[in-house]
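I have placed the structure first, in the form of structure tokens, so that the comments after it can refer back to it.
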Amino acid sequence: MLNGKIDLRSDTITQPDDGMREAMARAVVGDDVLGDDPTVQALEQHTADLLGKEAAVFVPSGTMANQLAIRVHTRPGDAMLLDANAHIYFYEAGAPAALAGVHSKLLDGQRGQFTAAQVEAAIPPRDDHFAQPSLVCLENTHNRGGGSVWPLEKIGAVAETARRHNLALHLDGARLWNASAASGISEREYAAQFDTVSVCFSKGLGAPVGSALAGSAEAIARARYYRKQQGGAMRQVGILAAAARYALDHNHARLADDHENCQRLAKGLAKLPGLSVDEAGAETNMVFIDTGKQSAAALAKRLDDLNVRLLDTGPNTLRAVTNLTVNREEIDQVLAAFEQLT
């Protein structure tokens with residue numbers, strides 16, 4: 001609970017706890033643009049090791065991490081293949097077109113997951129009329145897919161097709177930590193098929209700011225150049241890197257609690273009249289609620305009056321994201337608030 005509200009709008013609403021604040025206060029820092037910040041360097045190396053990559057770069061946001069990867073793997077006029085509901089396409093302000101000059105070719109995945117056959121079918125003939133793809137992007141977990149987790153074999157099939165056509169692979173792994181917690185498959189194993197992987201420390205793990213992009217030493221060196229060009233190079237940013245490392249060390253294992261709370265919420269909501277929830281689809285820490293004939297925005301306002309905060313993501317859709325500020329008892333309070341209004 002934050003400020004007297006049970007806040008399920010996102011897992012980004014968390015605030016640093018006392019331990020994280022102490023880690024930030026004690027961080028040894030330097031000018032990271034000049035390569036002098038040891039706390040940033042340690043976080044970057046630790047993240048690269050977790051993901052099985054040669055190098056990583058610390059950046060302000062997941063959007064920047066994804067957009068740096070796109071610039072690394074493409075040239076203006078190229079196409080990239082990704083799901084129609086991907087965060088990169090849906091929530092990143094048209095950045096692939098604006099920053100990289102790249103055409104997005106959208107695939108109609110199921111809960112955000114497309115198939116190798118769809119990738120094959122989306123590759124155009126070698127003809128001057130068609131933008132040729134150079135990159136395939138996946139998202140795991142998939143936000144608008146309800147926090148869905150990609151099966152490893154499905155990733156492998158898409159990767160094999162991409163490699164056969166000499167396409168690079170990028171993973172938007174903002175919530176890769178959740179995919180690993182839900183499946184038992186390590187982040188390293190998920191990352192193995194990809195040339196670059198982005199991860200976020202402020203989603204689920206509770207850091208106030210920060211993401212990283214990992215890949216080969218050559219790819220990350222290029223990403224650092226683009227980071228500087230896009231204004232993402234920071235100075236004594238070890239204060240934030242210390243928070244990210246604390247989040248990894250202290251809040252990673254507890255993600256399973258969020259998943260259990262999400263399942264509890266989904267099962268409770270599924271019993272209420274006038275609402276529709278895919279219980280089985282609540283794989284990680286997200287559940288989307290179809291409000292039926294009710295306006296989602298109006299219902300969100302009424303819930304807010306009962307000290308429950310959810311995000312309306314469509315005219316008749318609410319999203320709830322369980323996070324480290326909400327415990328099991330508070331999930332029951334959320335259900336009681338819904339019962340009062342339905």
Over the stretch 237-342, relative contact order from alpha-carbon pairs under 8 Å, at least 6 apart, %: 26 percent
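Name the trypsin sites (Lys or Arg not before Pro) in the stretch 1-87 that are in a loop by DSSP and that have at most 13 other C-beta atoms within 10 Å, would you?
none
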Which of LEU8, LEU2 has the fewest Cβ neighbours within 10 Å, and the rest in rising order: LEU2, LEU8
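Name the helices (complete DSSP H segments) of the chain with a Cα length along the long axis of 24 Å or more and a Kyte-Doolittle mean of at least 1.6, or state none. Could the numbers behind the result be given before it?
On the way: long enough: none.
For the chain, where a helix must reach 24 Å along its axis and average at least 1.6, there are no hits.
What GluC sites (Glu not before Pro) in the stretch 1-88 are in a loop by DSSP, with at most 16 other Cβ atoms within 10 Å of the Cβ?
Taking the stretch 1-88 and a limit of 16 other Cβ atoms within 10 Å, the loop GluC sites (Glu not before Pro) found are GLU54.
Subtract the Cα-Cα distance of ASP127 and ASP49 from 0.36 nm times their separation in residues, and report this length gain in nm to one decimal.
24.0 nm
Among bridges DSSP assigns within the stretch 31-251, what percent are antiparallel (round to 5)?
Numbers: 12 of 29 bridges.
Percent antiparallel among DSSP bridges in the stretch 31-251 is about 40.
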Viscosity 0.890 mPa s, temperature 25 °C, Stokes-Einstein D of the stretch 96-195 from Kirkwood C-alpha radius, µm²/s: 172 µm²/s
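Treating only the Cβ of Lys, Arg, Asp and Glu as charged (+1, +1, -1, -1), what charge dipole size does the stretch 302-342 show about its Cα centre? Round to the nearest 20 debye. Write down the numbers at each step before the final one.
Working: 4 positive and 7 negative charges, 31 e Å.
In total the dipole reaches around 160 debye.
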In nm, spacing of pseudo-spin labels at GLN340 and LYS271 (7 Å Cα→C-beta vector): 1.9 nm
Cα→Cβ-extended label distance, 7 Å offset, between LYS301 and ARG235, nm: 4.4 nm
Spherically averaged projected area in nm², based on the convex hull that wraps the Cα atoms of the stretch 206-342: 11.0 nm²
Separation in nanometres of the label points that stand 7 Å from Cα toward Cβ, at PHE90 and GLU160: 2.9 nm
The stretch 269-329 - percent relative contact order, Cα under 8 Å, separation 6 or more: 30 percent
Residue-averaged 222 nm ellipticity for the chain, from DSSP H runs of 4+ at -39500 (n - 2.57), nearest 500: -12500 deg cm²/dmol
Relative contact order %, the chain, counting alpha carbon pairs below 8 Å whose residues are six or more apart: 25 percent
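Laboratory data are not the source of any read-out in this text; all were calculated from the coordinates shown. Owing to the predicted nature of the structure, the values given are computational and were not obtained by experimental measurement. Quick reminder, even Gly has a Cβ in these numbers, built from the backbone with ideal geometry, and neighbours come from all protein chains shown.
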